[in-house]
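Q: Next up is a structure, given as structure tokens.
Just so you know, all these numbers are worked out from the coordinates, no wet-lab data involved. Note that the structure is predicted; figures quoted are calculated from it, not measured. Here the Cβ positions follow ideal geometry from the backbone for every residue, glycine too, while neighbour counts run over all protein chains shown.
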Amino acid sequence: MQQNVLQSWNDTWPNPRSSTPPPTGAGVLDQAAFNTIEVDELFDTVNYAASLAGQTILYRSLTHPLADADAINAKQAAVREILEEPGVRSNVEHIVNQAAAGEANLYLLLFGEFLGSFGTAREKHHIEGYGYKQYSRGIRFVLHLVDAIQGSETPKSPYLQSIYAKIAGFAQSNEYSLMRGPVYNSEKGLQSKEERKHSLSPATVFRPTLFKPVLIGLLCALLWALIEYFPGDMFKVGKDGIAIGSVFFLPMLLVYIPVVGGYDRDNCIIPLRELYRSSAALGELLDGLGQLDELLSFIKYGEDYGSTTVLPKISAAAQHSIKLQAAKNPVLGHRHPEYVGNDFELDSDRLVFITGPNSGGKTAFCKTIAQTQLLAQIGCFVPASAAELSVADRIFYQAPEISHLDDGEGRFGTELKRTRDIFLASTPNSLVILDEMAEGTTFEEKMQSSTDVLDGFYRKANSTILITHNHQLVDVFVRRAAVSPWQVEFADELPTFKLVAGISRVSHADRVAKKIGFSKQDIDNYLAQSL
């Protein structure tokens, strides 16, 4: 079961990047693919969320993307309603912006550190005094959010309706009653007005202020009683009377403030915040706020990308497929309209090879495919002129990995174990991208191992894309008519970053070496100068 926002923060100061991908095979994306696809950078690019709750939900979506076409389409329908209905968009933006301006008050109440009576706040998580101000501001944020949703017109899309219901549903909780007040402090603990209906036990009423009319009245009555014991005109109005009265009043005040403030903090505010912090209802409310903000973030990303973006057509299919027109990398193409887009289709072909010299854009294009698939499965816009995708139950991306000293397998064994895990966890609905294969062994062994593994993926019938310099390996599968070969295009030894049909059989290693200053000529020049 997925954690709500409060649970994901794990009783620590809120951090939007609090979600982690599941183990390999347990979800759409595992940790290795998450790192290789550079999802953190993708989050930074797509993140237009105004609230911390929105950022947390967006990051959670990227770590746990949806694997159900109906759920994705429902989310897209909500995006379209906000985008196409000015009144709905205006209302959602108003709700989110108002909440974003006040949500820090709730987090300070829930996770802040009390400094004591005379401490001075130096960090955002410090709470001065007895916590009255933080308590009042924190619950005010929640109450205003509920009121705003309750005062809104019901949206049309089921996904938006579910979000509104999630936030409005907090009004049915006991925590909401406690925030509305009054809060009763009895021998049974802190109780709301509803809980006190059938209780006859004595209780005091908690109010988040040092001004307690009844208690102050009792103290004044005590002071009056003391005055009554003094004879004569000692307390008649005048300088002497005020001076003598202050002898009693000031000590009472100095005792009153720390006693009352400390009692409220330790016996009311702190227990209440512990209750709120573990509240499933409050976690659902924050989830609802975050989901609203996430939808706005999708829209703002699409509008601000700098090139054409679309909501992709999503379908469920027996086998994974993808069709893109003028697709650009979601991160690298952001606000760069000159970024080169590419068409790509993977349907009946189960195995695609992409060849070409270094720095031609092979890896960037494959990350474009993976990131586009990921954005599509969270309901977001993708940078393309058109996009049709089926849902991938797994998105795997394997890149060359350096073995660790304690691994005991070497580079070849480390890579092969990752490939094995991907193979075992993949299904016909999976998208698998492999960046080179069988590194760290002889050419003959590389050919045999790669052929065996790729043949296994082909027979398993998932979508497999291989980036490789090994055109001999591609030839093996082309002779079987089992692959779709593509290559990155070069013109005058410079990359165009276009993907074209065919197999690249050239190497631009010398060009790359010259570019970084480590060609044969550079080495000869260095040695000549050193001798």
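Q: At a 10 angstrom cut-off on C-beta neighbours, averaged per residue, how do the peptides 483-495, 365-377 rank from highest to lowest? Working shown, then result.
A: Working: 483-495: 17.2, 365-377: 25.5.
Ranked by mean Cβ neighbours within 10 Å, highest first: 365-377, 483-495.
Q: So, with +1 on the Cβ of K and R and -1 on the Cβ of D and E, and no other charges, what is the size of the charge dipole of the chain about its Cα centre, to the nearest 20 debye?
A: Numbers: 48 positive and 61 negative charges, 225 e Å.
The calculated dipole for the chain is roughly 1080 debye.
Q: Let me ask you something else. If the limit is 30 Å between Cα atoms, which of Lys362/Lys460; Lys313/Lys446; Lys367/Lys417; Lys362/Lys520; Lys323/Lys460 go over it?
A: Numbers: Lys362/Lys460 24 Å; Lys313/Lys446 39 Å; Lys367/Lys417 22 Å; Lys362/Lys520 26 Å; Lys323/Lys460 21 Å.
Pairs exceeding the cut-off: Lys313/Lys446.
Q: So which chymotrypsin sites (Phe, Trp or Tyr not before Pro) in region 88-163 pass both tests, a DSSP loop state and at most 16 other Cβ atoms within 10 Å of the Cβ? Can you show the working numbers first?
A: Values: sites: Tyr107, Phe111, Phe114, Phe118, Tyr130, Tyr132, Tyr135, Phe141, Tyr159; in loops: Phe118, Tyr130.
Those satisfying the criteria are Phe118.
Q: Sticking with this one: Straight-line reach from Lys197: which aspartates and glutamates have a Cα under 18 Å away, not including same-chain ones fewer than 8 places off?
A: Glu175, Glu187
Q: Compare the peptides 460-471, 441-452, 193-204, 75-86 by average per-residue count of other Cβ atoms within 10 angstrom and give them in order, highest first. Intermediate values should be presented prior to the final figure.
A: On the way: 460-471: 21.5, 441-452: 14.2, 193-204: 12.1, 75-86: 17.9.
Going from most to least packed, we get 460-471, 75-86, 441-452, 193-204.
Q: Any chance you could run the full-extension gain for Gln31 through Gln448? It's 0.36 nm times the residue separation minus the Cα-Cα distance, nm to one decimal. Numbers along the way, then the final one.
A: Working: separation 417, 0.36 × 417 = 150.12 nm, distance 2.87 nm.
Value of the extension gain: 147.2 nm.
Q: On to the next question. Evaluate the Debye formula for the chain with equal point scatterers sitting on the alpha carbons, no solvent, and hand back log10 of I(q)/I(0) at q = 0.07, 0.08, 0.09, 0.12 Å⁻¹, in q order, two decimals.
A: The Cα Debye sum returns log10 ratios of -0.56, -0.68, -0.79, -1.11.
Q: How much mean residue ellipticity at 222 nm does the chain get from its helices, if each DSSP H run of length 4 or more adds -39500 (n - 2.57) and you divide by all residues, to the nearest 500 deg cm²/dmol? Before the final figure, lay out the partial values.
A: Details: 19 runs with 262 residues, N = 531.
Rounded to the nearest 500, the figure is -16000 deg cm²/dmol.
Q: Right, another one. Determine, for each peptide in 426-432, 309-315, the mean count of other beta carbons within 10 angstrom over its residues, then list the peptides with the highest first.
A: Values: 426-432: 21.3, 309-315: 19.4.
Ranking, from highest mean packing down: 426-432, 309-315.
Q: While we're looking at this one, here's another question. If each residue of separation counts as 0.36 nm, what is the full-extension length gain between Ile523 and Glu128 once their alpha-carbon separation is subtracted? List each step's numbers first, then the result.
A: Working: separation 395, 0.36 × 395 = 142.20 nm, distance 6.48 nm.
Computed gain between Ile523 and Glu128 is 135.7 nm.
Q: Give the cross-link partners of Lys193 among the lysines, using a straight C-alpha distance below 21 Å as the criterion and excluding same-chain residues fewer than 8 apart.
A: Cross-link targets: Lys212.
Q: Go ahead and run the numbers for FRET between Trp13 and Ile516, Cβ-Cβ distance against an R0 of 41 Å, rounding to 0.05.
A: Values: r = 43 Å, r/R0 = 1.05.
Using R0 = 41 Å, I get an efficiency of 0.45.
Q: Just to confirm my numbers, what's the Cα centroid distance between region 443-515 and region 59-134 in Å?
A: 46
Q: With r as the distance between the Cβ atoms of Ala318 and Val506 and R0 = 45 Å, compute the FRET efficiency 1/(1 + (r/R0)^6) and round to 0.05.
A: Working: r = 39 Å, r/R0 = 0.86.
Efficiency at R0 = 45 Å is approximately 0.70.
Q: Roughly what angle does helix 280-304 make with the longest principal axis of the chain, taking Cα atoms, 0 to 90 degrees, to the nearest 10?
A: The answer is roughly 50 degrees.
Q: Additional query: Rounded if a/c is under 1.5, else prolate if a/b is larger than b/c, else oblate: which is region 308-530, with a ≥ b ≥ c the root eigenvalues of its Cα gyration tensor? Display every interim value, and only then the final one.
A: On the way: a/c = 1.79, a/b = 1.24, b/c = 1.44.
Oblate.
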